[in-house]
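Encoded as structure tokens, the structure appears first; notes follow it.
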Amino acid sequence: MSKVWIEKLLEEPELYLLRIDDDQIRYFEATWDIPEGITYNAYLMKTDNAVILFDAWKKEYTEEFLEALSSIVDPKEITHIVVHHMEPDHSGALPKVLEVNGYKAKIIGTIFAKRLLEAFFGIKENVHAIEDGEELRIGNRTFKFITVPWLHWPDTMITYLIEDKIIFGCDAGGGYSIPEAIDDSDDKIVEKYLPYVTKYIVTVIGHYHKYIVENLEKIKNMGIVNDVKMILPGHGLIWRKNPQMIFEYYAKVGAGIPTKGKVLVVYDSMYGFVEKSIQIAIDELRKQGFNPVVYKFTDKEAPAVGNILGEVPDSEALIIGASTYEANIHPRIRYTLYELLDKANYEKPVLILGTFGWAGVAGREIETLIKRSKFDHVDTIEVKGQTIPEDEVRIRKGVRKLIQKLRK
Ligand code: FEO
């Protein structure tokens, strides 16, 4: 049974977190392998004469959501529903909530959210489409609605509760996994959680990563981040010990700020030939004081592509190794590369190591794709069959060339 959390975050105004731990999911967006699971966070606020619901849960947890909601308030009393983002991991339970509510609540969202409410659920009535920066007085509080397009969809907005300095971030500030606490008060829990935040950012929002930087800059320039008291995302931990940190972290991942010395090495090796070349490259990296982080596809293992993508933003450089397979790139690397170029397309140097039996294609094909992307192609080294001493010299030289790019 997925665990439900109902936690009071504030006394005045009364503010609750409603969180469910989805430990049943395997593939987020039917794509990203997340054995670590994910949580869906909604929030409920009671102020003078108003009961405001901020988002909901995924449709399959509708029953649990209504039960959790009803333990705090009669759903008929909800006066407003703020829809930050229409992806169904946050909106799936809304149609049932509205039905139980008797369709009395006013729905607040962007114009895009309004269109999606109709497209997804046929909901047209009682929807207020906000202007960017619009402020609404609800109960005894003032809410400022700020659009953050492409963080994650064009419909997405955040809400700033002015008097209490609280940001409702929805996808912004969220991450995968099921943290064993609700907030960032325990540094160890935060440390364990942050790699899942990176994986979430890259796999879910990575295609739009320049908008992460732009939108966070926009929010920062509004002067609301410096003294924010809480950031309440739609997934994972809430941020109230050090709320600024999570937006700084998001901005860093969005910009691809590297950790000094980290080089991501990804390769396939069907029969050990590519592996030989890679071992030489790894040895040279270590000799030069670098820290290779290695993912390999073999007949014994196949890492989750989402985990590989999560390593890209803070890597200084990449080494990609591939076998030629049916006059193409090995299928596992082909798919990894496809997602890498789509979701984690950063300006980082890349060295390619190809291996072939009778005709070298993989290296050339990868080079073509890398040259069309933001990545910076450094060199392609193709090896025929086993790696001979001359190849070793070329590989070591290639690695030093990659390093020179970083240290010039
Ligand atoms: Fe968590 Fe873009 O939905």
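The values are calculated or read from the model by the stated rules, or taken from the named source; none is laboratory data. This one's a predicted model, so the numbers in the text were calculated from it and none came from an experiment. Here the Cβ positions follow ideal geometry from the backbone for every residue, glycine too, while neighbour counts run over all protein chains shown. Quick note on the areas: whole protein, heavy atoms, side chains included, nothing else; ligands and nucleic acids left out. Shrake-Rupley method; radii C 1.70, N 1.55, O 1.52, S 1.80 Å.
Distance between Cα centroids, region 1-46 to region 349-406: provide it in whole Å. Centre-to-centre distance over Cα atoms comes out at 44 Å. Dividing the mean sequence gap of close Cα pairs (under 8 Å, 6+ apart) by how many residues region 35-91 holds gives a relative contact order of 41 percent. Among the trypsin sites (Lys or Arg not before Pro) within region 22-87, those in coil by DSSP and having at most 11 neighbouring Cβ atoms inside 10 Å are 26. Here each label is just a point 7 Å from Cα along the line to Cβ, and for residue 164 and residue 188 those points are 3.1 nm apart.
In percent, how large is the relative contact order of region 262-407, given Cα pairs closer than 8 Å and 6 or more residues apart? Mind showing how you got there, number by number?
On the way: 273 pairs, mean separation 38.0, N = 146.
Reported as a whole number, the value is 26 percent.
Summing -39500 (n - 2.57) over the DSSP H runs of n ≥ 4 in the chain and dividing by its residue number, what mean residue ellipticity at 222 nm do you reach, to the nearest 500 deg cm²/dmol? Before the final figure, lay out the partial values.
Details: 12 runs with 135 residues, N = 408.
That comes out to -10000 deg cm²/dmol.
Measuring max minus min along each principal axis, the C-alpha atoms of region 262-407 give extents of 35, 30, 29 Å (largest first). Restricting region 8-96 to chymotrypsin sites (Phe, Trp or Tyr not before Pro) that sit in a DSSP loop and have at most 11 other Cβ atoms within 10 Å of their own Cβ leaves nothing. How much of the DSSP beta bridge set in the chain is antiparallel, as a percent to the nearest 5? Beta bridges within the chain, antiparallel portion: roughly 45 percent. Using 0.36 nm per residue and subtracting the Cα-Cα separation, the extra length available between residue 291 and residue 397 on full extension is 36.4 nm.
In this simple spin-label approximation, residue 14 and residue 129 carry label points 7 Å from Cα along the Cα→Cβ vector, and these lie 3.5 nm apart.
Name the chymotrypsin sites (Phe, Trp or Tyr not before Pro) in region 331-408 that are in a loop by DSSP and that have at most 14 other C-beta atoms within 10 Å, would you? Present the calculation step by step, with values, prior to reporting the outcome.
Numbers: sites: 335, 338, 346, 356, 358, 375; in loops: 346, 358, 375.
Qualifying residues, ordered by number: 358.
For region 232-261 and region 68-119, what is the separation of their Cα centres, given in Å? That distance is 28 Å. Considering only 36, 11, 214, the mean-square fluctuation computed in a Gaussian network model of the chain, springs between alpha carbons under 10 angstrom, is largest for 11. Of the whole protein surface, residue 381 contributes about 10 Å² of accessible area at a 1.4 Å probe radius.
Need one number: % antiparallel among DSSP beta bridges in region 262-407, to the nearest 5. Present the calculation step by step, with values, prior to reporting the outcome.
Working: 1 of 27 bridges.
Of all bridge pairs located within region 262-407, approximately 5 percent are antiparallel.
Filter the cross-link list 218/348; 343/374; 374/405; 287/397; 58/106 down to pairs whose alpha-carbon distance in this structure exceeds 18 Å. The pairs that break the limit, which is 18 Å between Cα atoms, are 218/348; 58/106. Can you give the FRET efficiency to the nearest 0.05 for residue 29 and residue 73, using r as the Cβ-Cβ distance and R₀ = 35 Å? Efficiency for this residue pair is about 0.65. Accessible area per residue for region 315-408 is 49 Å², calculated with a 1.4 Å probe on protein heavy atoms, without ligands, DNA or RNA.
Rounded, prolate or oblate: which fits region 4-255, taking a ≥ b ≥ c as square roots of the Cα gyration tensor eigenvalues, rounded meaning a/c under 1.5, else prolate when a/b beats b/c? Because its axes are fairly even, with a/c under 1.5, region 4-255 counts as rounded.
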